[in-house]
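Worksheet: the structure to be examined is printed underneath.
Just so it is clear, none of the values below were taken in a lab; they were calculated from the coordinates. Computed from a predicted model, the values in this text were never measured in an experiment. Here Cβ is always computed from backbone atoms with ideal geometry, including for glycine, and neighbour counts include all displayed protein chains.
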Amino acid sequence: MTQQPQKIDYIQFKSKLNFVSRPIFEFCGAFVSFLEDFYGLNENDPKIQELEAEQPLFTEVLGAIKNSISPYLKREIEDFSFAKTILQSVLKAFLFDYPEINSFSAFLKKYDSYTDAQLFNFIGGSFLNEHSQSNCEDWGTVLDDMEKMQNYILNIEEVNNELKEKIITLYKYPEETKMRIRHIICYIYSVFKPYESQVVEQAKKQQKRYSNLMEIDFDYFSDVLQLSEIAKVIDSNERILLCISYMYPVCFYCKEYDDSSAFLLNGFLCDQYFAAKEEKASLEAFLKILGDDMCLKIFLKYAQKPYYVQELARELNIPPAQLRMYNNRFQDANLLLYDYEGRRRHYYLNKEQVKQYIDKSMAELNF
């Protein structure tokens, strides 16, 4: 049985909510998007890619990064391709684990202060997540020692020896590895930096838009940000910190901290993506209706003229309760409207919606 999504209480949520601006996440979004494209990891929903392509500043920033990569830096980034998530995981791990990091200088300060064992916790963990089929839950028992981490990786049988050798080479020269990762991140930030103020300003504008949306239609706001998926997190924490990002256009991320706060990162295009998904679901519902024999009969009847439930049920020789069930399917797809004549509902086809579905179907088929 499908579990109904948990409804979020508006008053409780608002009392806990703080919109926050974390500029460093705009660079993180650009960095991750660039690497995913560079390594061919960008498997985004085509609709997400379409929405991103419509954002001039977003595409300009990524274009600037791609066009500025020197042959040397390209080789350096390719050198990490045996574990394609290492570079982005290092940056993301610092930013998500330390809520006080809001600027690039703060990130570098924290990065430079880390011991080899602390940094290679992220590097080794990222490698295992990508290449090991085991759950690696006991990885946490070796994080205090570089040699223990290396032995742990070497003893994972399902990872081939060539990959193991590459990750172990990073462990053998920790200072060099740390310097190389720092150089890649710093170089890409130097390209991003001229755009940073524009991007942050865009993020703040979108934050204000989402704040207004919350006040106008909280249920829709909750659906757009998928808050029902993290209802337990919202209930169990005293503060909810919501960051709306521009360079993470469609993103749903939640991180809980020990001080009873939860950080949410959402993209500014979440509402458009949600609307597109709803539209697709409605179109699928329409096509399923046309593929059902009884639904098609009902559809053709409503296409001819309006009906009362009892009247149409008699014509179709089905119980009124059964027709009401079918009517509910039609209404879920926004295909059926009604007026009252006295106390009785007078149902009729939403022909404008039908036309939209037909046009959409033709577009999907490239007709």
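Per-structure values
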{"item": "Chain lengthening between residue 151 and residue 317 when straightened (0.36 nm per residue, less Cα-Cα)", "result": "52.3 nm"}
{"item": "Most fluctuating residue given options 167, 69, 11, as computed from a GNM of the chain linking Cα atoms under 10 Å", "result": "11"}
{"item": "Cα-Cα over 28 Å, subset of 7/84; 84/204; 110/232; 47/166; 7/92; 16/92", "result": "7/84; 84/204; 110/232; 47/166; 7/92"}
{"item": "Gain on full stretching of the segment that runs from residue 328 to residue 341 - 0.36 nm per residue minus C-alpha separation", "result": "2.7 nm"}
{"item": "Distant alpha-carbon pairs in the chain (separation over 29 angstrom), percent", "result": "57"}
{"item": "Burial ranking of peptide ranges 87-99, 116-128, 230-242 (average Cβ count within 10 Å, highest at the top)", "result": "116-128, 87-99, 230-242"}
{"item": "In order through segment 242-253: 3J(HN,Hα) via Karplus (6.51 cos²θ - 1.76 cosθ + 1.60), integer Hz, x for Gly, Pro", "result": "10, 10, 9, 9, 8, 8, 10, x, 10, 8, 9, 9"}
{"item": "Computed log₁₀ I(q)/I(0) - Debye formula, equal Cα scatterers, no solvent, segment 16-140, q 0.12, 0.20 Å⁻¹", "result": "-0.57, -1.37"}
{"item": "Inter-site label distance for residue 297 and residue 116 at 7 Å from Cα along Cβ, in nm", "result": "7.8"}
{"item": "Lys, Arg +1 and Asp, Glu -1 on Cβ, resulting dipole of segment 19-195 about Cα centre, debye, nearest 20", "result": "640"}
{"item": "Sites matching chymotrypsin sites (Phe, Trp or Tyr not before Pro) across segment 224-289 that sit in DSSP coil, with at most 16 neighbouring C-beta atoms within 10 Å", "result": "257"}
{"item": "Amide proton proximity set for residue 336, modelled H, under 5 Å, gap of 5+", "result": "331, 350"}
{"item": "Unit charges on C-beta of K, R, D, E only; dipole of segment 273-367, Debye", "result": "280"}
{"item": "Among 276, 129, 184 - extreme Cα towards positive end, dipole of the chain, charges at beta-carbon", "result": "276"}
{"item": "Only Lys, Arg (+1) and Asp, Glu (-1) charged, at Cβ; the chain dipole about Cα centre in debye", "result": "1260"}
{"item": "Rh (Kirkwood; distinct C-alpha pairs) - segment 131-255, Å", "result": "19.1"}
